[in-house]
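Here, each number is a calculation from the coordinates, and none is a lab measurement. Worth saying up front: this structure is predicted, and the values here are computed from it rather than measured. Methodologically, a virtual Cβ is constructed for each residue, glycine included, from the backbone with ideal geometry; neighbour enumeration extends over all protein chains shown.
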Amino acid sequence: MSIINKENILKVLIGYNPWWKTGTVIPALTKHYKRFAFYETMARLAETEMRRILVLSGMRRVGKTTIQYQLIEALLARGISPQRILFISMDHPMLKLSDFQEILDCYHENIYVDHDVYYFFDEIQYVRDWDKWLKVIYDSTPETQVVATGSASPALMKGNQESGVGRWSVIPVPTLSFYEYCNLLSLDRPQLPEDLKATDLPYMQRPQQTEIMLQLSKVQQHFTRYLQVGGFPELALASNDILAQQIMREDVVDKVLKRDLPSLYAIRNITELERIFLYLCSVSSEIVSVDALSKELSGVSRPTVENYIRFLESANLIYRSWPIDMAGKRVLKARPKIYIADAAIRNAVLMDDTLLTDPIQMGKIVETAVYKHVAAFYYRYVTSIGYFRGGTKNKEVDIVIDYPMAKKILIEVKYRENATISDDDAVSVLADEASAAIVITKTANDLGLQMTKTRAILLRIPAFAFLYLLGNAERHGYHYIS
């Protein structure tokens with residue numbers, strides 16, 4: 001008798017859906033803290049006139065599955081019948097080997113006949129032809145709501161372009177922002193105006209400015225630990241930071257490199273993939289040449305390097321930041337900067353105790369964190385997040401936010417003592433052409449305005465304050481820096 005049959009499938013489904021019997025979600029599954037993505041997904045589910053399948057995309061351990069359980073808990077609290085809610089982890093060995101239609105038929109034949117249901121599919125990319133199945137569900141059962149999760153975002157985006165146009169939306173779930181980290185740990189949090197923006201600070205009267213910075217100083221001491229382990233909810237709550245970094249290497253990095261990506265992309269040489277990722281960790285925030293990387297890792301061909309970089313991006317382990325043109329100025333040929341998706345991953349992989357005391361390395365770590373925050377903040381909008389390098393002196397602006405038909409926002413990270421910006425630096429030269437030019441610094445008292453020789457204004461803001469205020473703006477629905 002085959003193990004893969006409806007009786008055994010039903011046993012698995014009952015195990016995954018205890019609320020069919022109890023009417024509640026097990027408290028241990030829902031945690032106490034809700035990510036920004038929970039509130040966005042809940043609001044999108046309530047949009048009955050613009051129905052969409054919602055796909056939460058992010059790497060391992062960022063809380064995608066927890067968000068699904070929290071959504072289920074919220075639906076039950078609103079009076080939705082427990083039998084109308086189906087949760088399936090597509091990573092389960094039996095369900096991976098089962099026909100997808102057979103799984104759904106088993107549910108409808110035994111638990112709930114109609115289709116006015118809420119499907120929660122965890123790790124949807126493990127379903128063969130998952131994009132076509134979502135299309136069928138969307139088109140054939142208009143009363144059905146679907147929330148899925150996936151760890152391979154380009155695959156999800158590709159499916160959206162091909163089968164999902166007008167049918168589903170991808171909601172990124174990055175690692176914790178600094179603001180979310182502080183809330184998760186229930187720290188003594190700053191009391192701030194809801195509409196406060198980072199770019200407001202330098203223009204405030206000194207008493208107001210002092211009061212805001214006094215409030216923000218409550219979280220300053222936690223910034224370094226956030227950079228070490230703070231991006232992942234469970235690890236941020238751990239009391240042993242060394243063990244947390246070990247778990248990060250084993251569960252976040254190793255499982256993705258040794259299991260998830262080889263499974264999704266039929267990768268045979270896992271060692272090459274590991275070598276490339278280790279190299280990218282060491283150069284996070286730098287411009288990367290595929291040719292140079294291929295030579296550095298002798299024996300790895302250029303096409304292989306290109307493919308593996310795409311695979312790492314698909315697993316949400318890295319970001320690629322591409323050069324952006326500034327008003328016709330010559331730019332470097334199209335080579336990306338590469339950022340590890342969370343500074344804590346970089347630290348855990350490199351296992352170098354001196355990283356947090358080396359000013360150059362700390363600059364890379366903080367720039368990595370700033371890029372992640374900005375990319376997460378602006379994903380809803382038609383913007384490109386890249387960098388500029390060019391002009392007559394081939395100088396660089398670390399991060400450029402490119403609005404179509406509007407002036408750009410420039411961000412330069414100078415995380416060091418006495419962080420000076422000269423009139424020859426690219427951010428100074430280009431400040432006239434931007435709606436805002438921001439310099440991210442280190443010390444709390446390094447806050448204010450700097451005027452360039454062309455009388456353009458640079459806004460100087462400490463990194464911990466900038467990142468916290470970005471989260472404060474996101475929490476209160478204000479999605480513009482300037």
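Please tell me the relative contact order of the chain in percent, rounded to the nearest whole number, where contacts are Cα pairs under 8 Å and at least six residues apart. Present the calculation step by step, with values, prior to reporting the outcome.
Values: 776 pairs, mean separation 67.1, N = 482.
Normalised by residue count, the contact order of the chain is 14 percent.
How much length, in nm to one decimal, is gained on full extension between K453 and S140, taken as 0.36 nm per residue of separation minus their Cα-Cα distance?
Working: separation 313, 0.36 × 313 = 112.68 nm, distance 6.34 nm.
Additional length available on full extension: 106.3 nm.
For the pair S217 and D195, what calculated FRET efficiency results from E = 1/(1 + (r/R0)^6), where r is the Cβ-Cβ distance and R0 = 25 Å, to the nearest 0.05?
Details: r = 21 Å, r/R0 = 0.84.
Here the calculated transfer efficiency is 0.75.
What residues have an amide H closer than 5 Å to that of F87, excluding those fewer than 5 places away on the same chain, when H is modeled at 1.01 Å from N in the peptide plane?
HN-HN under 5 Å from F87: F120.
Among the lysines, which have Cα under 21 Å from the Cα of K407 when same-chain residues fewer than 8 positions away are ignored?
K197, K329, K395, K453
If you place +1 on the Cβ of every Lys and Arg, -1 on the Cβ of every Asp and Glu, and leave all else neutral, what size is the dipole of the range 192-318 about its Cα centre, to the nearest 20 Debye? Write out the running numbers ahead of the final one.
On the way: 13 positive and 17 negative charges, 45 e Å.
Taking the Cα centre of the range 192-318 as origin, the dipole is about 220 debye.
Whole angstrom only: what separates the Cα centroid of the range 190-210 from the Cα centroid of the range 1-41?
Distance between centres, Cα-based: 44 Å.
Can you classify the range 57-113 as rounded, prolate or oblate using the Cα gyration tensor, where a ≥ b ≥ c are the square roots of its eigenvalues, rounded means a/c under 1.5, and otherwise it's prolate if a/b beats b/c and oblate if not? Provide the component values of the computation, followed by the final result.
Working: a/c = 3.54, a/b = 1.05, b/c = 3.36.
In terms of gyration-tensor shape, oblate.
Report, largest value first, the span of the C-alpha coordinates of the chain along each principal axis, in whole Å.
Each principal axis gives a Cα extent; for the chain these are 78, 57, 47 Å.
Angle, helix 36-45 long axis vs. longest principal axis of the chain, Cα atoms, 0 to 90°, nearest 10?
The answer is roughly 50 degrees.
Do the sum for the chain: with -39,500 (n - 2.57) for every DSSP H run of n ≥ 4, divided by all residues, what is the mean residue ellipticity at 222 nm, to the nearest 500 deg cm²/dmol?
On the way: 22 runs with 202 residues, N = 482.
Mean residue ellipticity, 222 nm, calculated: -12000 deg cm²/dmol.
Please give the charge dipole size of the range 6-173, origin at the Cα centre, charges +1 on K and R Cβ atoms and -1 on D and E Cβ atoms. Round to the nearest 20 debye.
Values: 20 positive and 19 negative charges, 138 e Å.
For this selection, approximately 660 debye.
Too long at a 24 Å Cα-Cα cut-off: which of K135/K337; K64/K372; K393/K442? Mind dumping the intermediate values first?
Numbers: K135/K337 35 Å; K64/K372 18 Å; K393/K442 26 Å.
Table pairs above 24 Å Cα-Cα are K135/K337; K393/K442.
Would you mind ranking S140, S89 so that the residue whose beta carbon has the fewest other beta carbons within 10 Å leads the list? Each step should come with its number before you reach the end.
Numbers: S140 9, S89 18.
In increasing order of surrounding Cβ atoms, one gets S140, S89.
Give me T30, T48 sorted ascending by neighbouring Cβ count inside 10 Å, so fewest comes first.
On the way: T30 19, T48 7.
Ranking T30, T48 by Cβ neighbours within 10 Å, fewest first, gives T48, T30.
Toward the positive end of the charge dipole of the range 179-475, about the Cα centre and with charges on Cβ (Lys, Arg +1; Asp, Glu -1), which of Y379, P202, L293 goes farthest?
Of the options given, the answer is L293.
Going Cα to Cα from K218, which aspartates and glutamates come in below 19 Å? Please leave out same-chain ones fewer than 8 positions away.
E180, D188, E194, D446
For Y381, Y119, Y403, what ranking results if the residue with the fewest other Cβ atoms within 10 Å of its Cβ goes first? Working shown, then result.
Numbers: Y381 11, Y119 21, Y403 15.
By the 10 Å Cβ count, ascending: Y381, Y403, Y119.
Across the range 84-97, in residue order, what do the Karplus-derived ³J(HN,Hα) couplings come to in whole Hz, using 6.51 cos²θ - 1.76 cosθ + 1.60 with θ = phi - 60° and x for Gly and Pro?
Once θ is set to phi - 60°, the couplings for the range 84-97 become 7, 10, 10, 10, 9, 8, 6, 7, 5, x, 5, 6, 4, 8 Hz.
If you line up the long axis of helix 270-282 against the longest principal axis of the chain, both from Cα atoms, how many degrees apart are they, to the nearest 10?
Approximately 30 degrees, to the nearest 10.
Rounded to the nearest 20 debye, what is the charge dipole size of the chain about its Cα centre when +1 sits on each Lys and Arg Cβ and -1 on each Asp and Glu Cβ? Show your work: numbers first, answer last.
Numbers: 56 positive and 56 negative charges, 131 e Å.
Computed charge dipole of the chain: roughly 620 debye.
Is the range 6-173 rounded, prolate or oblate when judged by the Cα gyration tensor, a ≥ b ≥ c being the square roots of its eigenvalues, rounded requiring a/c under 1.5 and prolate requiring a/b larger than b/c? Mind showing how you got there, number by number?
Numbers: a/c = 1.28, a/b = 1.07, b/c = 1.19.
Note, shape of the range 6-173 comes out rounded.
I'd like to know which of Y138, T452, A406 lies farthest towards the positive end of the charge dipole of the chain, counting +1 on Cβ of Lys and Arg and -1 on Cβ of Asp and Glu.
Towards the positive end, the residue furthest out is T452.
For the range 1-157, what relative contact order do you get, as a whole percent, if you take Cα pairs closer than 8 Å and at least 6 residues apart?
On the way: 191 pairs, mean separation 47.5, N = 157.
Taking the mean separation of contacting Cα pairs over the length of the range 1-157, I get 30 percent.
Check V439: other-chain or 5+ apart residues with amide H under 5 Å from its amide H, H built from backbone geometry?
Correct list: E412, L459, R460, I461.
Local charge sum around K31 (other residues, Cβ-Cβ under 13 Å, Lys/Arg +1, Asp/Glu -1)?
Numbers: positive: K34, R35, R61, K64; negative: E73, E180, E234.
Local net charge: +1.
Have a look at the DSSP beta bridges in the range 179-475 and tell me what percent are antiparallel, nearest 5.
Details: 20 of 31 bridges.
Just about 65 percent of them are antiparallel.
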